[in-house]
Amino acid sequence: MEMRHLKYFAVLAEELNFTRAAARLHISQPPLTRQIQQLESELGAQLFERLPKGLELTAAGVSLLDDARRVLGMLDAAKDRAVKAGRGEIGRLDVGIFGSAIFNHIPRLLLEFRHQYPNVQISLHEQTKSEQIQALRERRLTIGFNRHVHAEPDIMVETVYLEPLLVALHSGHPLAQKKSLTIRQISAEPLILYPSNTRNGFADHVLSMFNDESLQPNVVQEVKDVVTAVALVSSGFGLCVTPEAACNLQLPGVVYRPLKGKPEPTIDLVCLYRRDDSSPILAAFLDTVRNFQPTVIR
């Protein structure tokens with residue numbers, strides 16, 4: 001029994017007329033008759049009663065019709081899923097995330113993608129830079145987001161956004177009265193660096209800005225993440241430099257001021273993915289990334 005037998009049978013069962021059924025199937029009547037005869041011969045059962053007024057399903061035909069419709073429906077659904085998968089409209093997207101960007105830019109990207117492709121399952125994985133690269137190579141991750149990532153032979157890196165830097169400080173600090181700050185103005189202040197567990201990373205980028213101006217920062221603490229750093233700022237322990245997305249982290253007594261300089265201090269937000277990954281879902285997501293318009297937080 002072949003799929004065309006079931007299709008021809010189902011159409012004939014609905015029309016109960018060879019001429020009309022053949023017209024729906026875009027074939028002539030003799031081939032349709034032969035296909036039905038072959039099916040009946042294979043099953044060893046008559047599917048239609050040939051009556052003067054037309055055709056009528058036999059008990060065997062009624063039974064087969066239910067199964068034929070179910071099988072044909074499954075086939076149509078399978079075709080539909082295959083077409084959607086080929087366009088990146090269904091499937092699974094595993095995304096590596098990190099630190100401060102989760103407070104604004106990455107969620108907005110993911111939400112935009114989900115609006116366009118609601119049937120794609122998105123799974124988030126909080127990972128360091130090295131963990132993301134390893135997961136990409138092991139095909140446990142589709143795409144990652146991070147900072148200060150260098151392209152490798154098997155890993156592509158694209159800049160999503162050059163994110164302005166801010167200074168998080170306590171509202172009672174004298175510098176909080178200023179509209180913006182410079183590296184020189186904060187060089188003598190107690191500085192909290194993060195993250196302490198990733199090298200070369202954001203902390204090193206902050207230190208390099210002091211080094212570029214031949215200044216020695218007054219580092220009093222290095223912590224694991226932005227939440228801990230801003231919490232220490234809230235307690236009056238010191239101040240810290242953060243990407244602009246971190247200002248969505250509102251803790252008591254913490255204010256954010258733009259960090260100014262020439263050129264304007266920024267940090268890259270990049271996406272990374274396997275060079276040989278030709279999956280439609282990745283291609284669809286990269287389209288979203290490349291069309292991303294960041295919201296400036298000031």
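The values are calculated or read from the model by the stated rules, or taken from the named source; none is laboratory data. Note that the structure is predicted; figures quoted are calculated from it, not measured. Don't worry about glycine lacking a Cβ; one is built from the backbone with ideal geometry, like all the others, and counts go over all protein chains shown.
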Exercise for review: Name the one entry in Asp276, Asp268 that is of a type in the set (D, E, K, R) and closer than 25 Å to Asn200 by Cβ.
Suggested key: Asp268
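Quick test for you: out of Val289, Val254, pick the one residue that is touching a strand residue (DSSP E or B) at 6+ places or on another chain (Cβ under 6 Å), farther than 19 Å from Ser171 by Cα and of a type in the set (A, V, I, L, M). Let's see the steps before the verdict.
Values: Val254 fails: farther than 19 Å from Ser171 by Cα.
Exactly one residue qualifies, and that residue is Val289.
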**Study point:** Answer from Asp154, Asp225 - the residue that is in contact with a Gly (Cβ under 8 Å, 6 or more places away or on another chain), over 17 Å from Gly261 (Cβ atoms) and acidic (Asp, Glu)
**Key:** Asp225
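Scan the stretch 136-153 and give yes if some residue there is touching a His at 6+ places or on another chain (Cβ under 7 Å), in contact (Cβ under 8 Å) with a residue 12 or more places away in the chain, in a loop (DSSP other than H, G, I, E, B) and more than 14 Å from Asp268 (Cα to Cα), otherwise no.
Of the stretch 136-153, the ones touching a His at 6+ places or on another chain (Cβ under 7 Å) are 141, 148.
Then drop every residue that is not in contact (Cβ under 8 Å) with a residue 12 or more places away in the chain, which leaves 141, 148.
Filter once more, keeping what is in a loop (DSSP other than H, G, I, E, B): 141, 148.
From what's left, more than 14 Å from Asp268 (Cα to Cα): 141.
Yes: the stretch 136-153 contains one or more residues that are touching a His at 6+ places or on another chain (Cβ under 7 Å), in contact (Cβ under 8 Å) with a residue 12 or more places away in the chain, in a loop (DSSP other than H, G, I, E, B) and more than 14 Å from Asp268 (Cα to Cα).
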Practice item. Filter the stretch 56-92 for residues that are within 30 Å of His115 (Cβ to Cβ), surrounded by 15 or more Cβ atoms within 10 Å (Cβ to Cβ) and modelled with pLDDT of 75 or more and give the result. Key: Gly91
**Study point:** Odd one out for Pro195 among (1) outside any strand (DSSP E or B); (2) surrounded by 17 or more Cβ atoms within 10 Å (Cβ to Cβ); (3) modelled with pLDDT of 95 or more
**Key:** (3)
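Identify all residues within the stretch 142-163 that are more than 19 Å from Ser278 (Cα to Cα) and crowded, with 17+ Cβ neighbours inside 10 Å; write none if there are none. Even if it seems obvious, please write down each step before you answer.
Initially, the stretch 142-163 is screened for residues more than 19 Å from Ser278 (Cα to Cα), giving 146-150, 159-163.
Result: Asn146, Arg147, Val149, Val160, Tyr161, Glu163.
Need a quick list: strands (runs of 3 or more DSSP E) entirely within the stretch 235-298 having at least 1 residues that are outside the structural domain of Val219 (by TED's automatic domain parsing).
Numbers: elements: 240-243, 254-260, 266-274.
Where strands (runs of 3 or more DSSP E) fall fully within the stretch 235-298, none carries at least 1 residues being outside the structural domain of Val219 (by TED's automatic domain parsing).
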Exercise for review: Give the stretch 210-227 a look and list any residue that's assigned to a helix (DSSP H, G or I), without any contact (Cβ under 8 Å) to a residue 60 or more places away in the chain and crowded, with 17+ Cβ neighbours inside 10 Å, or say none.
Suggested key: Phe210
Point to revise | Lone unmet requirement of (1) touching a Ser or Thr at 6+ places or on another chain (Cβ under 9 Å); (2) under 17 Å from Val270 (Cβ atoms); (3) part of a strand (DSSP E or B) for His125 | key: (1)
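Considering the stretch 159-189 alone, what residues qualify as being in a helix (DSSP H, G or I) and aliphatic (A, V, I, L, M)?
Of all residues in the stretch 159-189, those in a helix (DSSP H, G or I) come to 174-177, 183-186.
Leu175, Ala176, Ile183, Ile186, listed by residue number.
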Revision key, fill the gap. Within the stretch 1-38, of all residues that are more than 19 Å from Leu75 (Cα to Cα) and hydrophobic (A, V, I, L, M, F, W, C), the one surrounded by the most Cβ atoms within 10 Å (Cβ to Cβ) is Ala21
